[in-house]
1. Out of E24, E41, which single residue is among the charged types (D, E, K, R), within 19 Å of I117 (Cβ to Cβ) and assigned to a helix (DSSP H, G or I)?
2. Say we look at the range 42-64 and pick out the residues that are under 24 Å from M109 (Cα atoms) and aliphatic (A, V, I, L, M); which of these is surrounded by the fewest Cβ atoms within 10 Å (Cβ to Cβ)?
3. Scan the range 1-29 for residues that are loosely packed, with under 15 Cβ neighbours inside 10 Å and within 14 Å of D54 (Cα to Cα) and jot them down.
4. Do you know which residues across the range 84-105 are touching an Asp or Glu at 6+ places or on another chain (Cβ under 9 Å) and farther than 21 Å from L161 by Cβ?
5. Could you please give the count of residues in the range 68-84 that are under 16 Å from I105 (Cα atoms) and charged (D, E, K, R)?
6. Quick check on the range 82-91. Is at least one of its residues assigned to a helix (DSSP H, G or I) and in contact with a Phe, Trp or Tyr (Cβ under 6 Å, 6 or more places away or on another chain)?
Amino acid sequence: MFAEKILVVDDEPDHLALVQRWLEDDGYEVHTAVNGWDGLEAMVQHRPDLTITDICMPRMDGFQLIKRIREISDGHVLALTRLGDEEDVIHGLELGADEYLHKPISKRMFLVRVRSILRRAETPDEVPAEYTDECLSMNFLTHVAQLHGESLSLRPTEFRLLSYLARNNNTVICHEDLLDQVWGIERGIRGSGFGVRGWGQLGLERLSPYDIGPARAGPRVVRSARDGHRSRHALSGAW
């Protein structure tokens, strides 16, 4: 069995070497780059399963790198940076990062997040390839989603969130489960100051433009319930 490939992009030599050692000790094949431009070239050359990038770097910063990666790849991206303001977190996630972590970080927390991201990339054989109702259709293999026949432009995390709700159609999903299944943030190790509910709420707000509101005279695809969020199945009756 081949080791999963991870690309680490960071202009801090000591931190780059530390992260590389952590990952190699955990059994991963690791490639490195010291700026965003070299990171993009390495990503094209090695096709990693996960790219871990700093944000403040010369030649091409991490935000630009994430944007470029999303233009050419569906590979997973983790931002690991000293920039911890909420606006930076939101910007990184909006560009397509799967996760946003702050330096410094413990080895245990870091490796748990890496494993969670890579675990989400695995698709069990028994999982249906498609979801369809009279409002929404999704292909989980090609990452294509349509609402009333119109294509939706969804970032990777948004697609995973909507996919999880669709696969659990008409079931109330609590914030804890969303964090576990979509973001891979396990119970008991959520150290981010962004807040336990913040991650799930952020993702749901990203989908709000696709809700079928009163102007379209129909039910919503995603709607809040008191103890969670659930996917609307159009054949199950009005809310």
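1. E24
2. Residue satisfying both the conditions and the ranking: L50.
3. Matches in the range 1-29: P13, D14, A17.
4. K103
5. The total comes to 1.
6. Yes, the range 82-91 has at least one match.
None of the figures in this text is laboratory data; all of them are computed from the coordinates on show. This one's a predicted model, so the numbers in the text were calculated from it and none came from an experiment. Because the Cβ atoms are built from the backbone with ideal geometry, glycine has one as well, and the counts that use them run over all protein chains shown.
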